[in-house]
Amino acid sequence: MRTVYVNGDYVPENEATISVFDRGFLFADAVYEVTSVLDGKLIDFPGHMARLSRSLGELDMAAPVSDDELLDIHRRLLSENDLVEGMIYLQVTRGAADRDFLFPEADTRPNLVLFTQEKSLIDSPLAERGQKVRSVDDLRWRRSDIKTTQLLYASWAKSRAHAGGADDVWLVRDGHVTEGSSNNAYIVTADGTIVTRHLSPEILSGITRQAVLQCARELQIKVEERPFTLDEVRGAREAFSTSASSFVSPVIEMDGMAIGDGEPGPVARRLREIYIEKSRAAAI
Ligand code: PDD
């Protein structure tokens, strides 16, 4: 059984408790981070903690503990669970208060929860085979730059696409792709340029995105950060997505139509290799 972290305690998962009045539970009034783990070490950890601070700040939520303490908690949880490969999930909620649309008093104690998830990240059948993706309207709120736990639309859309034989959805707003259900979206154009949507309140600033774009620039691949259409996806040489839980993952089909030759493309493969190599070397 897993050991999870709740507000200072490391407890077996079936003994962990949170109030039914928790605002994360009642209002999705909560932010989260997912950090990947390779060789028992944390990948891109400072980036995840910087984004957590930003999400908290945007919502006027207090940080429950310092960044140094967060690192200690992540490390202890990894060791308590002997986690070698997978993810650590962290969630901060505004805390428990009687149900009211007004935020509670500022001295309400935030709730902090972390747990580990074992997953084979390097050997990924989906990365080998490539993802089949469907397009759906992006009906999320327009502050997707804040990593909140309001994930129902993404979860619902992905589940419906999955029931229809696809692996994931790409979200489309005003005719342009914003991002994937839980990842950033990219195409590689006929001339070899990587195109991904520019940062704005409409997408999450992926920590993997930042690192992968850096890898691309080091490989002297041209990168354009701008909106792209579904037509461009269909006409692309290849496509892929990035996230902490999938690294770089090729996309081979959009709405039933093959992208490129319908196989994972060389740019996605190369970036996946390099990202894994570099982030492994820098893991803490
Ligand atoms: N999701 N866009 C969205 C909407 C996401 O939920 C995520 C991450 C990303 C990629 O961000 P990063 O590279 O920092 O993981 C982009 C996580 C993995 C999740 O919800 O499980």
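The values are calculated or read from the model by the stated rules, or taken from the named source; none is laboratory data. Remember, it's a predicted structure, so these values are computed and weren't measured experimentally. Virtual Cβ from ideal backbone geometry, glycine too; neighbours counted across all protein chains shown. Just the protein is used for accessible areas: all its heavy atoms, side chains included, with ligands, DNA and RNA removed. Shrake-Rupley method; radii C 1.70, N 1.55, O 1.52, S 1.80 Å.
Assorted remarks:
- Modelled label reach - ASP100, point 7 Å along Cα→Cβ, the stretch 1-42 residues with backbone N closer than 18 Å: 20-29
- If R0 is 25 Å, the Cβ-Cβ spacing of GLU263 and HIS198 corresponds to a FRET efficiency of close to 0.30.
- Taking the Cα centre of the chain as origin and assigning +1 to Lys and Arg Cβ atoms and -1 to Asp and Glu Cβ atoms, the resulting dipole is close to 520 debye.
- Straight Cα distances below 12 angstrom link LYS132 to the aspartates and glutamates ASP167, ASP168, GLU253, ASP255, GLU263, with same-chain residues fewer than 8 positions distant left out.
- Taking a ≥ b ≥ c as the square roots of the Cα gyration tensor eigenvalues, the stretch 1-105 comes out oblate, since a/c reaches at least 1.5 and a/b does not exceed b/c.
- Averaged per residue, the stretch 1-104 has 49 square angstrom of accessible surface, using a 1.4 angstrom probe with ligands and nucleic acids left out.
- Remark: the stretch 16-23, residue by residue, has Karplus-estimated 3J(HN,Hα) of 7, 9, 9, 4, 5, 8, 4, 6 Hz, where x stands for each Gly or Pro and the curve is 6.51 cos²θ - 1.76 cosθ + 1.60 at θ = phi - 60°.
- Three-way shape call for the chain based on the alpha-carbon gyration tensor, with the a/c threshold at 1.5: prolate
- Apportionment of accessible area to carbon and sulfur, the chain, percent (1.4 Å): 51
- Whether the stretch 125-282 is rounded, prolate or oblate, judged on the alpha carbon gyration tensor where a/c under 1.5 counts as rounded: rounded
- Ellipticity at 222 nm from helices only: DSSP H runs of n ≥ 4 in the chain, each -39500 (n - 2.57), divided by the residue count, give -9000 deg cm²/dmol.
- Eligible lysines near LYS278 by straight Cα distance, threshold 16 Å, same-chain separation 8 or greater: LYS41
- Based on Cα contacts under 8 Å between residues 6+ apart, the stretch 105-175 shows a relative contact order of 39 percent.
- Sites SER159 and ASP231 - FRET efficiency at Förster radius 25 Å, r taken between beta-carbons, to 0.05: 0.40
- Length gained on full extension, ASP72 to ILE122, computed as 0.36 nm times the residue gap minus the Cα-Cα distance: 15.5 nm.
- Centroid-to-centroid separation of the stretch 188-257 and the stretch 1-54 [C-alpha atoms, Å]: 28
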